[in-house]
1. In the list Ala21, Ala41, which residue meets the criterion of being farther than 27 Å from Ala73 by Cβ, out of contact with any Pro (no Cβ under 8 Å at 6 or more places or on another chain) and of a type in the set (Gly, Ala, Ser)?
2. Take segment 57-80 and flag every residue that is within 8 Å of the chain's Cα centre (by Cα) and free of Cβ contacts under 8 Å to residues at least 12 places away in the same chain.
3. When residues of segment 30-48 are filtered for being in contact (Cβ under 8 Å) with a residue 12 or more places away in the chain and of a type in the set (S, T, N, Q), how many remain?
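No value in this document is a laboratory result; all are computed from the given coordinates. These numbers were taken from a predicted model, which means no experiment stands behind them. All Cβ positions, glycine included, derive from the backbone under ideal geometry; neighbour counts span all protein chains shown.
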Amino acid sequence: MALSAHYDALEARAPRERETALMAALPRQLAHAKQNAPGWAQILKDVDAAAVTMLAALPAREVLLAQLAGGLAAPLSTMAGLLAAPLRNLGYALVQLREQREAAPAA
């Protein structure tokens, strides 16, 4: 069965031709990601599209996604800690109150 039965003409190109076209489109794609996606802008801030000459020079998709997930999780973790602080402080206060009452002589 021919490749064209399952893939369009762009996907059925020779690998070298396909990579050349992808690399030509890379600067535009990176600029779009940096302008329209804050998470990707943070991850790609040090990436210079002109310096990338092969797809293999870029981090793997999984690595980029892990960096994005880490960037999203960090503020959530901080917020969870801030929300838990008042409850934790209440617990400390109650323990101190109990210790004070136990230390005070019975009246």
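1. Numbers: Ala41 fails: farther than 27 Å from Ala73 by Cβ.
The unique qualifying residue is Ala21.
2. The answer is Leu65, Ala66, Ala69, Gly70, Ala73.
3. Kept after step one, since they are in contact (Cβ under 8 Å) with a residue 12 or more places away in the chain, are these residues of segment 30-48: 30-31, 39-40, 42-44, 47.
Then keep just the ones that are of a type in the set (S, T, N, Q); that gives 42.
Of the residues in segment 30-48, 1 are in contact (Cβ under 8 Å) with a residue 12 or more places away in the chain and of a type in the set (S, T, N, Q).
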